[in-house]
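Q: Sharing a structure with you now.
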Amino acid sequence: MISLILVRYGEMTLKKKNYRQFLQMINDNIKRKLKEFKKIKYFNTDYRFYIYLNGEDYKLVIDKLNTVSGLASYSLCSECANTYEAMGELGVKLVSEYKKGARASFKVETNRGDKNYPATSIEISQEVARRVLPKVEGLYVDVHNPEITLNIDLRSEGTYLYVETIKGLGGYPSGTAGCGLLMMSGGIDSPVAGFLSLKKGINLKAIHFASPPYTSDLALQKVVDLTEVLTNYSSNSKIDLIVIPFTKIQDSIHENASNIYMVTLMRRAMYKIASEICKKENIDVIINGESIGQVASQTLESMKVVNEVTNIPIIRPLATFDKEEIVDIARRIKTFDISIRPYEDCCTVFVPEHPIIKPKLDLVLAEEAKCNLDDLIMEAIENKEIITLNDTKKYNVFEKDDEFDI
């Protein structure tokens, strides 16, 4: 019975001068995500996007739409003539199919986009309700808190009825807000931070710090798999993963600096490297999964000392999130089960039992000077490895494929 999906745009409708540009980008993103569905046809206005299914499975189409940022919601619609008889007949079918129990409260809600129609929205709702109520057993009217709302979208391009609306990702069309470098650790938080950034229109590259032999290829594979999940939400379905060899830097810090500063110095080195990558790659911001106070390196004092090494803006989408909130999103975007694989990343190497949580900059600089990191940082950048990941083919760390840019 469902013949089309009505898509509503999200926050982009607040835009004025850039609205047309945003509109074109999000429409292109939808079509790109649905390119495998060969029977689908499209029609759009300034505020609506119609997907005519032509026999395609709407559930599979919805799965793809759930990865497109900038969409407020979508409704599973059926189309009919703009007569009361046609709307009433279709309304009976839709309500009967949706009704689960013996009794259900009900109302009709009309959006009269076609102002030429010779009746008000209230009059249309009343006329259709009058035709539906007697024909669906156990149905009764409740205009304030109905269990079932039969929606009528009466527009110049057609008359559409639906009872179910699905919430979209919201945010802005992917690719409209510049580019960010995501610090991908392999834990629960960083892929969630990446997802939230993609949702706000930021294209991503990802950077990962590997420390063999302290970290294994299984740990790198975990990061690859997490990044591949994020490609589903990217406008071009691709993300470059930049792998930085970090072992020599960690060894130098461990051998030369006071143990309690290990985490602080390691984070500063990471940000120095990330900043250089941003400058070379013309990337606008650094993004990470830090949440205030969650661990020693994420106190405000630690963040301040670490931030001192760069003038590149740092975005922390999860700064005020509780862990449970982060985990809920990780489960929803299907990164949680990957993140909890028991393979350690470089952030767990040489971590002291009691790292300093309120570091002072002058003391940090004194400890950092002992480690002679500048040359090691440049060497790490020169020996970086780039893996281009996409949402169609899995990359295997143990079987490098020439199709990938390595």
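The values are calculated or read from the model by the stated rules, or taken from the named source; none is laboratory data. Computed from a prediction, not measured in an experiment: that's the story for all the values here. Backbone-built Cβ (ideal geometry, glycine too); neighbour counts: all protein chains shown.
Q: Mind checking which residues of the stretch 26-65 are more than 21 Å from K167 (Cβ to Cβ), of a type in the set (D, E, K, R) and assigned to a loop (DSSP other than H, G, I, E, B)?
A: Passing the criteria: K35, E36, K38, K39, D46, E56.
Q: Separate question: Determine, yes or no, whether M262 is touching a residue at least 40 places away in the same chain (Cβ under 8 Å), surrounded by fewer than 23 Cβ atoms within 10 Å (Cβ to Cβ) and either of a type in the set (A, V, I, L, M, F, W, C) or on the phi > 0 side of the Ramachandran plot (or both).
A: yes
Q: If you don't mind, another one. Name the residues in the stretch 294-334 that are β-branched (V, I, T) and either more than 19 Å from P359 (Cβ to Cβ) or in contact with a Leu (Cβ under 7 Å, 6 or more places away or on another chain) (or both), would you?
A: Once the filter is applied, which keeps residues that are β-branched (V, I, T) and either more than 19 Å from P359 (Cβ to Cβ) or in contact with a Leu (Cβ under 7 Å, 6 or more places away or on another chain) (or both), the stretch 294-334 yields V305, I312, I315, T320, I326, V327, I329, I333.
Q: Ok, one more. Search the stretch 342-358 for residues being of a type in the set (A, V, I, L, M, F, W, C) and assigned to a helix (DSSP H, G or I), and hand back the single one that is surrounded by the most Cβ atoms within 10 Å (Cβ to Cβ).
A: Taking the candidates together, the pick is C346.
Q: Quick one: D405 ticks every box in (1) at pLDDT 95 or above; (2) part of a loop (DSSP other than H, G, I, E, B); (3) surrounded by fewer than 15 Cβ atoms within 10 Å (Cβ to Cβ) bar one, so which box is it?
A: All conditions pass for D405, except number (1).
Q: Applying the selection to the stretch 66-87, what residues are outside any loop (DSSP other than H, G, I, E, B), touching a Phe, Trp or Tyr at 6+ places or on another chain (Cβ under 9 Å) and farther than 22 Å from G175 by Cβ?
A: S75, L76, C77, S78, E79, C80
Q: Sticking with this one: Out of all the residues in the stretch 174-197, which are at pLDDT below 95, under 22 Å from S73 (Cβ atoms) and either surrounded by fewer than 23 Cβ atoms within 10 Å (Cβ to Cβ) or in the same structural domain as E325 (by TED's automatic domain parsing) (or both)?
A: Matches in the stretch 174-197: G175, T176, A177.
Q: Of the conditions (1) more than 23 Å from I377 (Cα to Cα); (2) touching a strand residue (DSSP E or B) at 6+ places or on another chain (Cβ under 8 Å); (3) assigned to a loop (DSSP other than H, G, I, E, B), T320 clears all except one; give me its number.
A: The one condition T320 does not meet is (2).
Q: Moving to a separate point now. Looking at S339, S258, S275, S297, which one is in the same structural domain as A369 (by TED's automatic domain parsing), within 23 Å of the chain's Cα centre (by Cα) and either of a type in the set (S, T, Y) or closer than 27 Å to D375 by Cα (or both)?
A: Testing whether each residue is in the same structural domain as A369 (by TED's automatic domain parsing), within 23 Å of the chain's Cα centre (by Cα) and either of a type in the set (S, T, Y) or closer than 27 Å to D375 by Cα (or both) leaves just S339.
Q: Here is a follow-up. Please work out if S105 is hydroxyl-bearing (S, T, Y) and either surrounded by fewer than 17 Cβ atoms within 10 Å (Cβ to Cβ) or more than 30 Å from G194 (Cβ to Cβ) (or both).
A: yes
Q: Return yes when A380 is over 23 Å from the mean Cα position of the chain (by Cα) and not charged (D, E, K, R) and no when it is not.
A: Yes, satisfied.
Q: What residue, of E89, E127, E137, E97, is in the same structural domain as G158 (by TED's automatic domain parsing), exposed (fewer than 14 other Cβ atoms within 10 Å of the Cβ) and within 14 Å of L161 (Cβ to Cβ)?
A: E97
Q: Hey, can you tell me all the residues within the stretch 159-173 that are surrounded by fewer than 17 Cβ atoms within 10 Å (Cβ to Cβ) and either part of a strand (DSSP E or B) or touching a Pro at 6+ places or on another chain (Cβ under 6 Å) (or both)?
A: Across the stretch 159-173, the qualifying residues are T165, I166, K167, G170.
Q: Determine, yes or no, whether I312 is under 28 Å from N383 (Cα atoms), in the same structural domain as A206 (by TED's automatic domain parsing) and not acidic (D, E).
A: When the stated conditions are applied, I312 passes them.
Q: Give the residues of the stretch 36-62 that are surrounded by 16 or more Cβ atoms within 10 Å (Cβ to Cβ) and within 18 Å of Q24 (Cβ to Cβ), sorted by residue number.
A: Within the stretch 36-62, N44, R48, F49, Y50, I51 qualify.
Q: Are any of the residues in the stretch 359-375 out of contact with any helix residue (DSSP H, G or I) (no Cβ under 9 Å at 6 or more places or on another chain), in the same structural domain as K222 (by TED's automatic domain parsing), in a loop (DSSP other than H, G, I, E, B) and within 23 Å of L265 (Cα to Cα)?
A: No: the stretch 359-375 contains no residue that is out of contact with any helix residue (DSSP H, G or I) (no Cβ under 9 Å at 6 or more places or on another chain), in the same structural domain as K222 (by TED's automatic domain parsing), in a loop (DSSP other than H, G, I, E, B) and within 23 Å of L265 (Cα to Cα).
Q: Can you confirm whether K205 is within 24 Å of D322 (Cα to Cα), outside any loop (DSSP other than H, G, I, E, B) and charged (D, E, K, R)?
A: So K205 fails the test.
Q: Which one of I253, I273, I249 is crowded, with 19+ Cβ neighbours inside 10 Å and in contact with a strand residue (DSSP E or B) (Cβ under 8 Å, 6 or more places away or on another chain)?
A: Exactly one residue qualifies, and that residue is I273.
Q: If you go through the stretch 225-242 one residue at a time, do you hit one that is without any contact (Cβ under 8 Å) to a residue 40 or more places away in the chain and farther than 13 Å from T388 by Cα?
A: For the stretch 225-242, residues without any contact (Cβ under 8 Å) to a residue 40 or more places away in the chain and farther than 13 Å from T388 by Cα: absent.
Q: Considering only residues that are under 12 Å from G88 (Cα atoms), outside any loop (DSSP other than H, G, I, E, B), among the hydrophobic types (A, V, I, L, M, F, W, C) and more than 32 Å from the chain's Cα centre (by Cα), which ones fall in the stretch 131-158?
A: V132, L133
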